[in-house]
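Structure first, then comments.
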Amino acid sequence: MNLRPHKISYLEVAEMAIAALWGNKLRSGLTMLGVIIGISSVIGISSIGQGVQKSTEESIRGLGTDVLQVMAGAVQSGGVSQGMGSVTTLTWEDAQAIATQAPSATIVSAYLQRNTQVVFGDKNTSTTVYGTDLSYPNARNTFPVEGRYFNNEELESSASVAIIAPTVRKNIFPNNVNPIGQKIRIQGEIYDVIGVMEVKGSQGPQDRDDAVYIPLTSMSARIIGNNSLMGISVTGIYIKGQDESKLETIKFQVANILRLRHNIDVPENDDFRITNQADILKTFNTILSLFTLMMVAIAGISLIVGGIGIANIMLVSVVERTREIGVRKALGATDNAILSQFLIESVVVSIVGGSIGIAIGVGITFAAATAFKFPFIVSTSSVLIGFGLSTTVGLVAGVIPARNAAKLDPITALRSE
């Protein structure tokens, strides 16, 4: 009897492919593993990277991108730089001069900074203590939500008053204790708590809520004790402009004022450095984007490994099912039907594996966002790219095994054991 090829619909071919995969669940699951790991890694890394980037950007913008920061720089000795921060080169008087002589500066605030222990009762915590002036809350866009900030009289009299940030409150005060009016010790000195600052979150690795604020004069006299010959030494100066577009103008004005005050003739000998918050934000975003891209590329290698795994398993499957292929061809299955079935099997493995990988990647992102408290962002582009890649991997990996299956001679195949 002469058997003529029977045209089989793609739906029938797909049903046979799925039935074949379902009949070998363990093998199919192991084949998917490489794709699952690859897709979940790509989505997890890219989404976590975007979440961290968004969190840091919001934190920096919350503190203001229209702010310049002046820090003590390096001094020259015998033509040799002594390194950044080798001596204290800025004073409160420098800040006051900038406030009166730089027309583009709207807010100027000097501050002192030191890491030290803060004690309440039998509780203590290591934190950052800032000695500030009255302009600091406006310069850093951070204000008390309970109590108040110190006033001019307390600043001039070096009063022993303190404003604590939320992390310090959590670390040393029990939940049922109102910190306002309580007394804390900073380096053996007693300070009255008069306020609690608002929550500002983290800026990269730095917790902006782990801080205590006291008058600049109190900090200088009682904790630092390093007044310079030119006035009260400070760690740095924050300068705020009307908007980001004015920052370069302010930077030029501030540099010239400080050079005149510090008797500096050439810019190369500057004993200060001026940084731009907006530039810091751009630099950080660029670095993080490159790092995320690199990690995604590394994770993508597992997709290649997954594709090789699919190809290997499908080649083994062709050998194992040689007799089955021979029977189907003898009954009229066309080369195209055989080719389609094996391709569909390969693509189905990749699509199912990709879908599971997407779900796991989203789950990892959600868990990380919850644990580390950054925005939960799922990168739509990474999901689409991941799904497309998984389909492509399956298609490419299945081509050679599918062609091998389609080219089998039915007589030879039927003789196979």
Problem set entry | Number of the condition not met by D271 [criteria: (1) farther than 20 Å from A110 by Cα; (2) out of contact with any helix residue (DSSP H, G or I) (no Cβ under 7 Å at 6 or more places or on another chain)] | (1)
For this session: Please give the number of the condition I164 fails out of (1) closer than 15 Å to A221 by Cβ; (2) crowded, with 20+ Cβ neighbours inside 10 Å.
Result: (1)
Exercise. Of all residues in the range 377-413, which are under 20 Å from G49 (Cα atoms) and surrounded by fewer than 16 Cβ atoms within 10 Å (Cβ to Cβ)?
Worked result: T380, S381, L384
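Residue check: is S340 assigned by TED's automatic domain parsing to the domain that holds I45 and either over 43 Å from the mean Cα position of the chain (by Cα) or loosely packed, with under 15 Cβ neighbours inside 10 Å (or both)?
Working: assigned by TED's automatic domain parsing to the domain that holds I45: yes; either over 43 Å from the mean Cα position of the chain (by Cα) or loosely packed, with under 15 Cβ neighbours inside 10 Å (or both): yes.
When the stated conditions are applied, S340 passes them.
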Exercise. Restricting attention to the range 322-337, which residues are surrounded by fewer than 19 Cβ atoms within 10 Å (Cβ to Cβ) and among the basic types (K, R)?
Worked result: R323
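Confirm whether A211 is surrounded by fewer than 18 Cβ atoms within 10 Å (Cβ to Cβ) and either closer than 19 Å to L90 by Cβ or at pLDDT 90 or above (or both). If you could, list the steps in order and put the result at the bottom.
Details: surrounded by fewer than 18 Cβ atoms within 10 Å (Cβ to Cβ): no; either closer than 19 Å to L90 by Cβ or at pLDDT 90 or above (or both): yes.
No, not satisfied.
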Problem set entry | Extreme residue, modelled with the lowest pLDDT, among residues of the range 217-235 that are outside any loop (DSSP other than H, G, I, E, B) and surrounded by fewer than 19 Cβ atoms within 10 Å (Cβ to Cβ) | S228
Problem set entry | Unique match (being assigned by TED's automatic domain parsing to the domain that holds R403, surrounded by 13 or more Cβ atoms within 10 Å (Cβ to Cβ) and farther than 30 Å from V352 by Cα) among L315, L258, L288, L303 | L288
Exercise. Which one of these does G361 not meet: (1) within 25 Å of the chain's Cα centre (by Cα); (2) modelled with pLDDT under 80; (3) more than 18 Å from G309 (Cβ to Cβ); (4) buried (at least 17 other Cβ atoms within 10 Å of the Cβ)?
Worked result: (2)
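Taking the criterion of being within 23 Å of V316 (Cβ to Cβ), out of contact with any Lys or Arg (no Cβ under 8 Å at 6 or more places or on another chain) and among the hydroxyl-bearing types (S, T, Y), would at least one residue in the range 343-356 satisfy it?
Going through the range 343-356, the residues within 23 Å of V316 (Cβ to Cβ) turn out to be 343-354, 356.
Now drop any that are not out of contact with any Lys or Arg (no Cβ under 8 Å at 6 or more places or on another chain), which leaves 343-354, 356.
Right, trim to among the hydroxyl-bearing types (S, T, Y) and you get 346, 350.
Yes - at least one qualifying residue is present in the range 343-356.
Would you mind finding the one in F366, F372 that is surrounded by fewer than 17 Cβ atoms within 10 Å (Cβ to Cβ) and within 11 Å of S47 (Cα to Cα)? So that I can check it myself, show each step before the final result.
Details: F372 fails: within 11 Å of S47 (Cα to Cα).
Unique residue meeting the criteria: F366.
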For this session: For the range 174-201, enumerate the residues that are over 16 Å from G147 (Cα atoms) and either among the charged types (D, E, K, R) or in contact (Cβ under 8 Å) with a residue 24 or more places away in the chain (or both).
Result: R185, I186, Q187, E189, I190, K200, G201
For this session: Kindly provide the set of residues from the range 326-336 that are in a helix (DSSP H, G or I) and either more than 10 Å from A402 (Cα to Cα) or not assigned by TED's automatic domain parsing to the domain that holds A402 (or both), ordered by number.
Result: G326, V327, R328, K329, A330
Exercise. Looking at (1) part of a helix (DSSP H, G or I); (2) modelled with pLDDT of 75 or more; (3) farther than 16 Å from N404 by Cβ, which is the one condition that is false for G306?
Worked result: (2)
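The values are calculated or read from the model by the stated rules, or taken from the named source; none is laboratory data. The structure presented is a predicted model; accordingly, all values stated were derived computationally and were not measured. Note that each Cβ is placed from the backbone with ideal geometry, even for glycine, and that neighbours are counted across all protein chains shown.
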